Every structure is written in structure tokens, then in C-alpha cells.
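No lab work stands behind these numbers, since they all come straight from the coordinates. The structure presented is a predicted model; accordingly, all values stated were derived computationally and were not measured. Glycine also receives a Cβ, built like all others from the backbone with ideal geometry; neighbour counts cover every protein chain displayed.
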Amino acid sequence: MHPGYPPPPPGYGYPPGYGYPPPGPIKPSAPRTLGTLSMVFGGLVSATSLIGLLAGKSFGTMMNTNRISRAAFERYLAEIHSASMVMSALMLALSLALVYIGTGQRGYQRWAVRASIWWAIAALVYLVVQLIVQLVVMLPAIDHLMADIGNRQFRDTIGTIMKVSIFSSVVFYAPYPIILLTTFRKSATVDAMDQPALPTAEVLRS
């Protein structure tokens, strides 16, 4: 508007919202993002679990055991073998299920909501069972192995590393099922599943 000129008539100019996306509901991008993570994470863990199952005891014999007697190390592998195979098989099953659930998450499928929640609960139960197995089977086996090492400094170092490594897996795996459990219990996420195609926040930003 220029000084001295009358105001423009009603309706003159650009329509409301010109140049901006039309107002409306936006589908949350969390299911698609988590679906991608589920497929990648599940695929990687499936591969490592499968390798552990196929290798069995031979995987442990690849380690450098110059300061540990072969008999002591083979005894250690025998003590943990059954528990390791069972836990690896369970981990493989959970990982393959996560890959499949990830396809439903990315596709905003309604069934993926319940499947994600049940998978998260199963994964947390698995971690509790894994912790119990580590306390009951793995730690005594490590202590038994360390008792055969004469060098105290090496014994303390390698023992600490092995014990920390078995507990760090629980800390590493626990956050993701918690994230899934939290996300797929939100009403906004549930309402977005199996709905007509809507733009996501990522699409609008691009």
C-alpha cells in the first residue's frame, strides 16, 4: 500500500497461506525412522548371532591364548558352550523378528504397533535372562579360567576385560527396546498407523 492511496478492496492480494504447505495433519516420522533402525540393527545382530552359532567352540579357539594353557581354555569353552549356544539362538530369533517388524514400522502397518510392544517386552526379558546366565555360568567360568594364569597382572587385566565385556552387552542392547516400547505406546504414533497417506514432517521440511 502506498501513502495517499486508498486501502485495497477485500479479497485483493494473495490468498491466505500462499507459498506455504496447506494446513492439515502431519504423519509422525518416528515409525519410519525406527523401522529403518530395526531392519539395520536386527540384520547386523542376526549376522553376528548366526556366525557365533555356526562357529561354536571353534570361534574361541581362534583367540591368542599364549599365556593361558590350551587345556584350561578348552575347559572354559566347554563350560560356557551350552549357555552361549542357547542365548545366541534366542538372540538370532529376536533379531530376525525385529527385521520383519521393521518392515511393518516403515510401512505404518497397524499390526506393527502390537508387535513392537511385544518384541520390546521379550527383548527386555531376554536381557534379564542373559544377565542371570552371565552371573551363574559365565562369571564362574571366567574365575575358573583365571585361576590357571600365573601372571597376576595379566590375570587381573584379562579377567576385568572379560567381565566388563559380558555386562556391557546388556547396557548396549537395553535402550532400543525401551525406545520402541515408549514410542509405540504414544497415541499419536498409534493413530498414524494404517491411515491414508499424509505428508510427514521430513517431507515438508524438504
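General remarks:
- Rough spin-label spacing in nm, given labels placed 7 Å along Cα→Cβ, for Leu90 and Ala188: 3.5 nm
- You can think of it this way: the chain between Thr160 and Ala147 has 3.3 nm of extra reach, that is 0.36 nm per residue less the Cα-Cα gap.
- Cβ-derived FRET efficiency at R0 30 Å, Ser82 paired with Val128, nearest 0.05: 0.95
- For the peptides 99-108, 164-173, 120-129, the ranking by packing is 99-108, 120-129, 164-173, with the highest mean count of neighbouring Cβ atoms within 10 Å listed first.
- Residue-wise HN-Hα couplings along the range 71-79, as the Karplus relation 6.51 cos²θ - 1.76 cosθ + 1.60 with θ = phi - 60° gives them from phi, are 5, 5, 5, 5, 5, 4, 4, 5, 5 Hz; Gly and Pro carry x.
- Inter-label distance, Ile178 to Thr103: 3.1 nm, where each label sits 7 Å from its Cα along the C-beta direction.
- Net charge over other residues, Cβ less than 12 angstrom from the Cβ of Val113 (K, R count +1; D, E count -1): +2
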